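Reading through the structure tokens given below for one structure.
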Amino acid sequence: MKCLGVIGGMSWESTLLYYRHLNQGVAARLGGLHSARLLLHNVDFAAVAALQAAHDWDAAAALLAEAAQGLRAAGAQGLLIAANTMHKVADAVQRAAGLPLLHIADATAAAVRAAGGVSRVGLLGTRYTMEDPAIVQQRLQQLGLQVIVPDEADRGPVHRIIYDELCRGVVTEASRRAYVDVIGRLQQRGAQGVVLGCTEIALLIDAASSPLPVFDSAALHAAAAVDWMLDEETTA
């Protein structure tokens, strides 16, 4: 089993989901008492969120690059950024660490294509992810998907619920209904499925609550990481 370095804490609520998915995935594949061979660097999300708000992506890249270099020094053979938005700096982090980095958009696009019948997806995420095509949208499009983001009136509440509620472990029915309404409007605009493009959204939305097929980027990212850890033929 290869050793995976996880850059987490963005937020730690979703990093918990990653930890569970990674360990459950390895246990399902290997059985017995097996668990995932991981190294975790948990950043202080307050510092990262402040850099995001200031659009200081160079400083954010330096912060994550330092974490990645530490993971490599500790023995990590590959990297995973346990967040969507911070894939804005994924290329810089990979260059700094000199390790393969498993990109969240690659795992998500592969799962959408494998599902069949879905070529246009709605994308929910932070305002950064929804408004900056370079974070994940362009990569999804390069991999054959059409991407629809919520309109301006919906992007604000979607973003606010992530930072003010989900990142703090707060899950309410009112916010779930708000998200379901946004998904419904994406469906009216032609979306055939919805990508949960923020790793906390799975705390709020699942297949049972969504009017569209759901693609949980965190779970899909973790599943791809399990494949990488256990499959010698898999490359980042």
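What follows is calculated from the coordinates using simple rules that are stated; it is not laboratory data. Keep in mind the model is a prediction, meaning the values are calculated, not measured. Note that we place each Cβ from the backbone using ideal geometry, even for glycine, and neighbour counts take in every protein chain shown.
Points worth noting:
- From least to most packed, judged by other beta carbons within 10 angstrom and beginning with the fewest, H21, H55 follow the order H55, H21.
- Scaled against the 2.2 N^0.38 Å expected of a compact globular protein of N residues, the Cα radius of gyration of region 86-149 reads 1.16.
- Theoretical gain in end-to-end length, L33 to A207 [0.36 nm per residue, Cα-Cα removed]: 59.7 nm
- Our helix-only sum for the chain, with -39,500 (n - 2.57) per DSSP H run of n ≥ 4 divided by its residues, gives a mean residue ellipticity at 222 nm of -16000 deg cm²/dmol.
- Note: relative contact order over the chain, using C-alpha pairs below 8 Å and six or more positions apart, is 24 percent.
- A simple spin-label model places pseudo-atoms 7 Å from Cα toward Cβ; at E131 and N23 they are separated by 3.8 nm.
- Computed over the chain with a Gaussian network model linking Cα atoms closer than 10 Å, the most mobile of D216, D151, D206 is D151.
- Think of each Lys and Arg Cβ as +1 and each Asp and Glu Cβ as -1; about the Cα centre, that makes the dipole of region 105-216 roughly 220 debye.
- Most mobile of G78, G25, G190 in a GNM of the chain (Cα contacts under 10 Å): G190
- Computed from the Cα positions only, the extents of the chain along the three principal axes stand at 47, 40, 33 Å, in decreasing order.
- Full-extension gain in nm, A73 to A115, via 0.36 nm per residue minus C-alpha separation: 11.3 nm
- Across G116, G144, G184, mean-square fluctuation computed from a Gaussian network of the chain (C-alpha pairs under 10 Å connected) peaks at G116.
- Based on C-alpha pairs under 8 angstrom that are at least 6 apart in sequence, region 105-216 has a relative contact order of 33 percent.
- Ranked F215, F45, criterion: other C-beta atoms within 10 Å, fewest first: F45, F215
- Taking the inverse of the mean reciprocal distance over all distinct Cα pairs, the Kirkwood hydrodynamic radius of region 105-216 comes to 13.7 Å.
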